[in-house]
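The numbers here are math on the coordinates, done by the rules we state, and not lab data. These figures come from a predicted structure and were not determined experimentally. Note that each Cβ is placed from the backbone with ideal geometry, even for glycine, and that neighbours are counted across all protein chains shown.
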Amino acid sequence: MGFLLSKPVSDSLKAQQEFMLMNSRLQLERQLLMQNQMRERQAAMQIAWTREFLKYFGTFFGLAAVGLTTGAIKKNNPVVLLPIVPLSFIFAYQYDMGYGTMLQRIKGEAENILETQSALLELPKGQLTYEDLEKIRRAQSKIYIEK
């Protein structure tokens, strides 16, 4: 009689395990999609911030360049133009970040590091494991009951 009941229970258990596996896979896919969406939104915000900053800095740079050029002409001293040099580097950097190809170059370099220099990415003491976390949790827990 036990054999007659164990077959349907076994089939039911197998179907439930398959459902749980499918459900966990679906949950993982959703988490990955959500993380990617958040990453894309954060990157878009960073690019937008850079472009907005560039508008203000570009205005400042333009006014400074005109003012310094006018001062250099009036005083007949080209040294007055010297501050334009570092300001132009900052302006070029911000422009490249907001509208240029800097992000593609950074992405390419990151891919190169991942492919050829992956040893640089290793964590000290290796990757964190569940056992490591439990050991830390037990050490920090004031109320720990050993099983």
Report task. For the range 9-20, take each phi angle, set θ = phi - 60°, evaluate the Karplus expression 6.51 cos²θ - 1.76 cosθ + 1.60, and give the result in whole Hz per residue in order, putting x for glycine and proline. Result -> 5, 5, 5, 5, 5, 5, 5, 5, 5, 5, 5, 5
**Report entry** I106 paired with L26, simple spin-label distance in nm, labels 7 Å along Cα-to-beta-carbon
**Finding:** 3.7
Query - Ranked list, fewest to most other Cβ atoms within 10 Å of each Cβ, for T59, T69, T50 - result: T59, T69, T50
Query raised in the report: Which of the listed residues, G58, V85, I73, is farthest toward the dipole's positive end in the range 54-139, when Lys, Arg count +1 and Asp, Glu count -1 at the beta-carbon?
Result: I73
Report summary line: Rounded to the nearest whole number, the Stokes-Einstein translational diffusion coefficient of the range 76-147 at 25 °C and 0.890 mPa s (Kirkwood radius, C-alpha pairs) in µm²/s is 137
Query raised in the report: Extension gain A119-E18, at 0.36 nm per residue separation less the Cα-Cα distance, in nm?
Result: 32.6 nm
Report summary line: FRET efficiency (L63, M34; Cβ distance; R0 35 Å; to 0.05) is 0.20
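Could you work out [θ]222 nm for the chain from helices alone, using -39500 (n - 2.57) per DSSP H run of at least four and dividing by all its residues? Round to the nearest 500 deg cm²/dmol.
Details: 4 runs with 116 residues, N = 147.
Taking each H run of at least 4 residues, the total per residue is -28500 deg cm²/dmol.
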**Report entry** the range 6-140 - Kirkwood radius from inverse mean 1/r over Cα pairs (Å)
**Finding:** 21.4
**Report entry** With Cα atoms, 0 to 90° folded angle of helix 102-116 axis to the chain main axis
**Finding:** 50
Query raised in the report: Which ³J(HN,Hα) values in Hz, rounded to whole numbers, follow from the phi angles of the range 39-44 under the Karplus curve 6.51 cos²θ - 1.76 cosθ + 1.60, where θ = phi - 60° and Gly and Pro get x?
Result: 4, 5, 5, 5, 5, 5
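Taking the Cβ of W49 as the centre, find all other residues whose Cβ is under 14 Å away and add up their charges (Lys, Arg: +1; Asp, Glu: -1).
After counting each charged neighbour, the total is +2.
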Query raised in the report: Cα centroids of the range 82-114 and the range 3-44: how far apart, whole angstrom?
Result: 42
Query raised in the report: Where is the GNM fluctuation largest for the chain (alpha-carbon springs, 10 angstrom cutoff): I47, I73, I136?
Result: I136
**Report entry** Neighbourhood charge, 12 Å Cβ-Cβ cut-off, centred on L32 and excluding it, Lys, Arg +1 and Asp, Glu -1
**Finding:** +2
Query - Taking Y56, Y95, Y130 and counting other C-beta atoms within 10 Å, the order from fewest to most - result: Y130, Y56, Y95
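Want the number for E131 to K74: 0.36 nm per residue separation, take away the alpha-carbon distance, what's left?
13.2 nm
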Query raised in the report: Going by how many other Cβ atoms sit within 10 Å of their own, how do L123, L128, L81 line up, fewest first?
Result: L123, L128, L81
Report summary line: Rounded to the nearest 10, the angle in degrees between the Cα long axis of helix 84-99 and the longest principal axis of the Cα atoms of the chain comes to 40
